[in-house]
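Heads up: the structure comes next, in structure tokens.
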Amino acid sequence: MSDTIHDTVILGSGCAGLTAAIYTARANLNPLVLEGHEPGGQLSITTLVENFPGWPDGIQGPELIENMRKQASRFGAEFRLGHLATADLSKHRFALNLGNETVHARTLIIASGASARWLGLPSEQALIGHGVSSCATCDGFFFSGKEIAVVGGGDSAMEEALFLTRFASKVTLIHRREHFRASRIMLDRAIAHPKIAFVTNAVILEVLGVEHKEVIGIRLLDTTTGMESELSLSGLFLGIGHIPNAAMFAGQLDLDEDGYIKTHNYVFTRVPGVYACGDVQDRRYRQAITAAGTGCMAALEVEKYLEEHGR
Ligand code: NAP
């Protein structure tokens with residue numbers, strides 16, 4: 001156990017965490033950034049980001065993240081691999097247990113983001129890494145010339161389906177309703193793409209191929225007719241949203257019914273000195289730019305808090 005007490009520890013190294021790191025590092029607070037399960041967050045596994053202001057031709061997600069990380073390092077942010085196992089926020093010297101060590105902090109910025117949601121079918125879980133994936137940019141390459149499906153009706157599903165057309169011979173987009181949550185522009189691009197087919201009002205009952213240890217298809221239920229059918233496929237990509245990484249704070253911070261950290265005045269949690277920013281507390285906007293914005297707010301509040309407490 002280290003005796004060092006960090007002025008501020010930032011949990012997560014996505015857009016929110018890195019923005020908080022840039023601001024707190026520039027304020028000479030030497031932030032410690034715990035990179036978490038998915039270093040770089042969701043942007044590090046996305047492709048072209050077309051809506052981050054300042055990049056008129058777009059920028060690749062991993063490049064944007066790398067730039068932010070360099071910017072934070074330049075001002076003295078320290079990065080450490082590792083993620084939080086448990087936290088004790090009951091004393092003003094917060095104790096953060098990383099499994100093999102405990103880190104202490106005067107303030108904490110939670111920017112732990114959100115992770116991919118799964119359907120929760122046993123067959124899906126058994127075939128993760130054997131044809132079932134939640135990351136098109138990571139795994140799309142393995143499906144060159146093959147028929148695959150993407151499940152979901154939001155922007156993530158459209159983005160994945162469009163990206164996967166680079167490799168797959170056909171992409172079937174499966175959505176449980178008739179109407180889509182996706183933005184009009186993304187939906188129109190997917191509809192216009194000759195390699196993308198749509199199956200709506202359909203839920204996946206089973207991913208086929210467990211006994212072969214590779215996906216060979218899916219069994220579907222048409223929710224309007226009650227009829228079951230099978231579709232032959234080599235891969236299934238999940239694009240059904242995300243779950244906030246906040247379960248480790250249950251009981252210590254207020255979480256909403258879906259597990260997002262509840263904040264007031266944008267980034268304040270119910271514990272003084274603990275702030276939450278980005279997708280772990282934002283169920284409404286969930287954009288890179290809003291994550292960066294709340295990361296900045298959390299950093300400014302940390303500065304104020306430390307100043308008020310004599311640091
Ligand atoms: P989302 O908007 O919450 O959409 C999730 C989709 O998955 C919904 O269509 C939902 O169906 C479906 N779904 C959820 N659970 C399911 C289940 N168990 N079985 C089957 N289907 C299920 O999530 P998202 O697409 O990840 O987008 C999140 C945010 O990020 C949005 O604000 C989006 O605009 C943004 N985003 C933007 C871009 C971009 O601009 N390039 C790319 C990706 C994401 P229902 O509609 O029936 O609920």
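A few notes on this one:
- Failed condition for Ile204, given (1) open to solvent by 50 Å² or more (accessible area, probe 1.4 Å); (2) within 23 Å of Pro122 (Cα to Cα); (3) out of contact with any helix residue (DSSP H, G or I) (no Cβ under 7 Å at 6 or more places or on another chain); (4) hydrophobic (A, V, I, L, M, F, W, C): (1)
- Under the condition of being at pLDDT 95 or above and assigned to a loop (DSSP other than H, G, I, E, B), the residues counted in the range 83-117 number 5.
- The single residue among Tyr305, Tyr285, Tyr260 that is surrounded by 17 or more Cβ atoms within 10 Å (Cβ to Cβ) and under 19 Å from the mean Cα position of the chain (by Cα) turns out to be Tyr260.
- Number of the exception - Arg166 against (1) open to solvent by 40 Å² or more (accessible area, probe 1.4 Å); (2) under 26 Å from Ser123 (Cα atoms); (3) more than 12 Å from the ligand (Cβ to nearest atom): (2)
- Tallying residues that are without any contact (Cβ under 8 Å) to a residue 60 or more places away in the chain, out of contact with any strand residue (DSSP E or B) (no Cβ under 9 Å at 6 or more places or on another chain) and of a type in the set (Gly, Ala, Ser) within the range 108-167 yields 4.
- Once the range 15-53 is narrowed to residues that are open to solvent by less than 10 Å² (accessible area, probe 1.4 Å) and part of a loop (DSSP other than H, G, I, E, B), the residue that is farthest from the ligand (Cβ to nearest atom) is Pro31.
- On inspection, Ile196 fails the criterion of being aliphatic (A, V, I, L, M), within 16 Å of the ligand (Cβ to nearest atom) and surrounded by fewer than 17 Cβ atoms within 10 Å (Cβ to Cβ).
- Output for the range 141-159, where each listed residue is within 15 Å of the ligand (Cβ to nearest atom) and at pLDDT below 95: Asp155, Ser156, Glu159
- Tabulated pairs, the range 238-255, first more than 27 Å from Gly152 (Cβ to Cβ) and in the same structural domain as Arg286 (by TED's automatic domain parsing), second more than 12 Å from the ligand (Cβ to nearest atom) and open to solvent by less than 50 Å² (accessible area, probe 1.4 Å), C-beta under 6 angstrom, 6+ apart or interchain: Gln252/Leu89; Leu253/Ile261; Leu253/Thr269
- Counting residues in the range 288-296 that are closer than 30 Å to Phe143 by Cα, within 15 Å of the ligand (Cβ to nearest atom) and crowded, with 17+ Cβ neighbours inside 10 Å gives one or more.
- Residue that is nearest to Thr200 (Cα to Cα), among those in the range 137-161 that are in contact with a Lys or Arg (Cβ under 6 Å, 6 or more places away or on another chain) and of a type outside the set (D, E, K, R): Gly153
- Subset tally (residues that are within 19 Å of Ala292 (Cα to Cα) and assigned to a strand (DSSP E or B)) for the range 65-82: 2
- Checked against (1) more than 10 Å from the ligand (Cβ to nearest atom); (2) in a loop (DSSP other than H, G, I, E, B); (3) within 24 Å of Val49 (Cα to Cα); (4) of a type outside the set (Asp, Glu), His130 passes all but condition (3).
- Of the listed requirements (1) farther than 30 Å from Leu32 by Cα; (2) surrounded by 20 or more Cβ atoms within 10 Å (Cβ to Cβ), Asp155 misses just one: (2).
- Residue list for the range 75-111, restricted to those being hydroxyl-bearing (Ser, Thr, Tyr) and either more than 27 Å from His242 (Cα to Cα) or open to solvent by less than 30 Å² (accessible area, probe 1.4 Å) (or both): Ser90, Thr102, Thr107
The values are calculated or read from the model by the stated rules, or taken from the named source; none is laboratory data. Nothing here was measured: the structure is a model prediction, and the numbers come from that model. Reconstructed Cβ throughout: ideal geometry from the backbone, glycine too, with neighbour counts over all protein chains shown. When the accessible area is computed, the model is the full protein with side chains, heavy atoms only, and any ligands, DNA or RNA have been set aside. Shrake-Rupley method; radii C 1.70, N 1.55, O 1.52, S 1.80 Å.
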